Amino acid sequence: MSKRMRGLAVSRPILIGSTSTPLTPAEKLTAPPDHTHRWTVAVRSAASAPLSAAVAEEPSDDQSESIGARLRDSGQDLHRAVGGKDDLSYFIKRVQFRLHDTYSQPTRNIDRPPFSVTETGWGEFEVQIKIFFVPEAGEKPLTVLHHLKLHPWPAAIPAAEAPAAGTTADATAAGAPPPLPPVVHSWQYEEIVFPEPFEAFYDILVAHPPTPWPATSAQAFTDPQVMTERQHLVHTPTGQVLEALSLEAQRAEADRIDLARANAVQQLDADRTKLIATEKLLQEARVQLAQLEPAATGPSA
């Protein structure tokens, strides 16, 4: 084993999570009768590959049918929309996914990219994900848990009212975005840090730098030249553009953290002022009580 690079640490950004969509009519023919969703759980690079710009112009009245039509016409799979631009096999040897015991072979070992498992089901559960590194790393496996999300989160803001039947074409013609497919993206960003890596492994990491974050969130998922022509295809369940890993999103997150820190300091100052005032009142009450005690305990006539 080679020597370690003392005083150095190298990190690699990854995404751990899942994407789920309701079963299309065609998928329902081959899935168990009680299954409602198709889902993919994966370990991927943080960078996302550009998506195809083509989408179906006329969505179907049936949302599940619409998803299938849009995927066939555009040639893209929403289950591969988030992350996965970089090949992680230079430092990840195998990923083990531990599914619910009701699945056949619940322990799935994936030893080549893409490190993912796609299944159908009806319920949410915890997926145990164990990441094994290449022998050159000399590191122990990393275990994380991911909650498989099938159903959208409650809307944080009031959702826009759905158009009445027969008005979809008119709304689209007027410039309103088409209905969004009920896609649930549940992903978490992680950085795997290798402190003082071995020289051989350090050389491997340096030879495979991760794709830099794009300037804007729009560039993280799709061709920016078509952003003015149609709505972004990847969304959160509330209808907002999925928060991408970009310099723009990084600055926005930093601003949110700074604002939260400022609010916390302001609240702390207010609580400290209130505490000082309360302690002052308590001290005054103790003085008054001490002055009353001699008169109450004095000799009686």
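The values are calculated or read from the model by the stated rules, or taken from the named source; none is laboratory data. Predicted model, so just to flag it, every value in this text is computed and none were measured. All Cβ positions, even for glycine, are placed from backbone atoms using ideal geometry, and neighbour counts span all protein chains on display.
Report whether or not Trp187 is within 24 Å of Gln250 (Cα to Cα), modelled with pLDDT under 90, part of a loop (DSSP other than H, G, I, E, B) and aromatic (Phe, Trp, Tyr).
So Trp187 fails the test.
So which residues in the range 76-107 are over 16 Å from Lys149 (Cα atoms), touching a Lys or Arg at 6+ places or on another chain (Cβ under 8 Å) and surrounded by 16 or more Cβ atoms within 10 Å (Cβ to Cβ), if there are any at all?
Of everything in the range 76-107, those that are over 16 Å from Lys149 (Cα atoms), touching a Lys or Arg at 6+ places or on another chain (Cβ under 8 Å) and surrounded by 16 or more Cβ atoms within 10 Å (Cβ to Cβ) turn out to be Gly83, Gly84, Leu88, Phe91, Val95, Gln96.
Tally time: how many residues in the range 124-147 are part of a loop (DSSP other than H, G, I, E, B) and within 17 Å of the chain's Cα centre (by Cα)?
Here the count works out to 2.
Does the range 209-232 include one or more residues that are modelled with pLDDT under 90, over 19 Å from the mean Cα position of the chain (by Cα) and closer than 30 Å to Thr120 by Cα?
For the range 209-232, residues modelled with pLDDT under 90, over 19 Å from the mean Cα position of the chain (by Cα) and closer than 30 Å to Thr120 by Cα: present.
Pick out the one residue from Leu88, Leu51, Leu23 that is more than 22 Å from Glu126 (Cα to Cα) and at pLDDT 90 or above.
None of the other options fit; the residue is Leu88.
Would a scan of the range 65-76 turn up a residue that is of a type in the set (Val, Ile, Thr), modelled with pLDDT of 95 or more and farther than 30 Å from Pro210 by Cα?
There is no residue in the range 65-76 that is of a type in the set (Val, Ile, Thr), modelled with pLDDT of 95 or more and farther than 30 Å from Pro210 by Cα.
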